[in-house]
Structures are given as structure tokens and as C-alpha cells.
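The values are calculated or read from the model by the stated rules, or taken from the named source; none is laboratory data. Since this is a predicted model, take the numbers as computed values, not measurements. With ideal geometry, Cβ positions are generated from the backbone for all residues, glycine too; neighbour counts draw on all protein chains shown. With ligands, DNA and RNA removed, areas are computed over all heavy atoms of the protein, side chains included. Shrake-Rupley method; radii C 1.70, N 1.55, O 1.52, S 1.80 Å.
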Amino acid sequence: NGDNWTDLSTGLNIRQFYRIANSPTNANVITGGAQDNGSAAKQASGTWVDWLGADGMEGLVSPTDHLKLWGTSQNGALYRSLNGGNTYSGLGQPSSGQWMHPSNETILYGGWTGVYKSTNSGSNWTNISAGTITTTLADLAVAPSNPNYIYASNGSTLYVTTNDGANWVTRTAPATINDITVDPLIPDKIWIACNSTSNRVFVSIDAGATFTNISANLPALAARTVVVDD
């Protein structure tokens, strides 16, 4: 429960990770993007490799195959590896942006300038928020139990669709959103971590229409991320 920690960074040059992703099928496999230090991957053997350069950003591991990785660099450039980061190829990015989110082996969502969806592992993308979202996005989350529910944010603005992008509503959070997490079983229940020393963590049970502050007893520090035990 966070009382004791084991150092997993042996052999890893110290760096500042923006995000990390862990394989659901092989707990040893991790990838993460780092400030000014590209993207690193811990392979199934336990060996760390630097598989991308530039500014590492969001990274993904396939939900079904730990050898398949996706990584991004600054402004949303996109790459894919089929062998755990030993080699990679560049993929076309639809617009400027930063963050991605997986749904399954072939369906990916990207938060560039708008929300984009790929049905072929990132080779091609379709804008599913055209006409609603015209800004780059800082965070993106898809409901594990119902991928028709998608949440995206920029600043304190929260964009929500419950029908896979056919319609969107725009909501306002109590503060700038740093991270969004969706309940594993209830698609319209979300938690947000906020960039505020007073309004830090909130929960909503109505897809962001209203929020309840659950920051009591937390230190007066901005909340960078929130994770829910499923």
C-alpha cells in the first residue's frame, strides 16, 4: 500500500518520465516517455532499452502482445515497435498533439488537435470530434467497460462523448485537469487529478456533469495523476 518500495531502476539512467505503461500480459514489460530523454522500454528479459529519441511522451503496450509498443515524441509524433523496442517504424500523425489511449489490439484513440480513432493499430486515423474540439488535448481516457465513453481535456475544459464521438458535450472542471481515470465497471464514473493546491482530486458519477471534491487530508500539492484499484 505504498509503505515500502523496491528500486526497479538498476541500469536505468535517471530521467523524468511523463507517463509509463505496463503490459497486461507480462508484468515485467514497461515503456515510458521522458523529458529530453526519449522513450525507454523494460523488456521481458528485464533489460532496459532506449527505443526512441527526442522528447518521450505517451507510450502504450498492446493489451494482448507485450512485444507490441507504441511511443510518441514532442507534438505527437507517433512510432510503433513489433519486437519490444529493438526496432521501430514511424507512423503518420494526423495533427499536432500529445496523448494516446488503447482500447484493444487494433483500436487506438489519440488526443491530438481533437480526438482521433484508429482501427488498424495506428496506421490510419479518423477525427471523431470534428466540429467540437479544435484545440490540442492534454489528457485522454476511454472507459474500460464501454469504449463508447471517451473523456478528453484541455485546461479545465472536459470533453465527453458517450457514443464513440457521434456527439460531444463540453463541461468545466473545478481546476486544470492533469489526469482522468474512468471506473473499470461504470463508464460514467470518473476521477480527475487537478493542477491546484486546494482543488486536487474529484469524482463524478454523471460523466463530468457534476464533481465532488475528495481531496480531504491530502497535502496542499497539485495532483498529477489518479489511479483506481479495479
- Message: Suppose we filter region 149-171 for residues that are hydrophobic (A, V, I, L, M, F, W, C) and open to solvent by 60 Å² or more (accessible area, probe 1.4 Å); how many remain?
- Response: 2
- Query: Regarding SER103, is this residue open to solvent by less than 50 Å² (accessible area, probe 1.4 Å), more than 24 Å from ASN26 (Cβ to Cβ) and at pLDDT below 95?
  - Reply: no
- Residue pairs within 6 Å by beta carbon, gap of at least six or interchain, first lying in region 171-198 and farther than 14 Å from LEU158 by Cα, second of a type in the set (Phe, Trp, Tyr), listed first then second, are PRO187/TYR149
- Task: Considering only residues that are open to solvent by 30 Å² or more (accessible area, probe 1.4 Å) and touching a residue at least 40 places away in the same chain (Cβ under 8 Å), look in region 26-63 and name the one that is farthest from the chain's Cα centre (by Cα).
- Result: ALA44
- Query: Tell me, which residue of region 60-81 that is among the small types (Gly, Ala, Ser) and not in a strand (DSSP E or B) is nearest to ASN22 (Cα to Cα)?
  - Reply: SER62
- Note on the structure: Of the listed residues (LEU67, LEU91), the one being farther than 23 Å from PRO144 by Cβ and among the hydrophobic types (A, V, I, L, M, F, W, C) is LEU91
- Can you pull out the residues in region 183-230 that are assigned to a strand (DSSP E or B) and open to solvent by 60 Å² or more (accessible area, probe 1.4 Å)? THR212, ASN213
- Query: (1) in a strand (DSSP E or B); (2) within 23 Å of THR72 (Cα to Cα); (3) out of contact with any Pro (no Cβ under 7 Å at 6 or more places or on another chain); (4) open to solvent by less than 30 Å² (accessible area, probe 1.4 Å): which one isn't true of SER121, the others all being true?
  - Reply: (1)
- The condition from (1) at pLDDT 90 or above; (2) loosely packed, with under 15 Cβ neighbours inside 10 Å that GLN74 misses is numbered (1)
- Message: Please verify whether ARG15 is among the basic types (Lys, Arg) and part of a loop (DSSP other than H, G, I, E, B), treating the condition exactly as stated.
- Response: yes
- Item | Failed criterion for GLY84 (all others in (1) in contact with a Leu (Cβ under 8 Å, 6 or more places away or on another chain); (2) part of a loop (DSSP other than H, G, I, E, B); (3) open to solvent by 40 Å² or more (accessible area, probe 1.4 Å); (4) modelled with pLDDT of 90 or more hold) | (3)
- Within region 129-148, can you find the residues that are farther than 17 Å from VAL228 by Cα and surrounded by 20 or more Cβ atoms within 10 Å (Cβ to Cβ)? SER129, ILE133, LEU137, ALA138
- So GLY165 clears everything in (1) more than 17 Å from the chain's Cα centre (by Cα); (2) of a type outside the set (Ser, Thr, Tyr); (3) on the phi < 0 side of the Ramachandran plot except one condition, right? Which one? (3)
